[in-house]
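Visitor: Mind having a look at this structure? Questions to follow.
Taken together, the values in this text are just the output of simple stated rules run on the coordinates, not laboratory data. Not measured: the values here are computed from a predicted model. Here the Cβ is made from the backbone with ideal geometry for all residues, glycine too, and neighbour counts use every protein chain on show.
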Amino acid sequence: MRHSLLLLPLLFAACTNERAPVHTEASTNDTMRYIQLQDTLDAHMTAFEKKADAGTKRDYAEGIEAVRARGILEVVRQVDDTAPDFTPH
């Protein structure tokens, strides 16, 4: 359970694997090379699986399940959701 807070940002980041647009201040049409989020997440997961001991893996699995059980995945914003209105009143 102690690792569940560490997993939260990873879980939210994993909600999509769509490419984000790259904005550059350069005056040319060159764009930055895309690095797929899923590729990065997969590399981190592979490294974790190789290095982590069984207790750490269990703690992470319990943390992920705790997040799922709280229903967070059902209410988190997804790609193409309308952003909340933050205009001052």
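Visitor: Among 54-66, 72-84, how do they line up from the highest to the lowest mean number of other beta-carbon atoms within 10 Å?
Guide: So the peptides 54-66, 72-84, ranked by packing, come out 54-66, 72-84.
Visitor: What's the extension gain from Thr46 to Glu62 if we count 0.36 nm per residue and subtract their Cα-Cα distance?
Guide: So the chain would gain 3.9 nm between Thr46 and Glu62.
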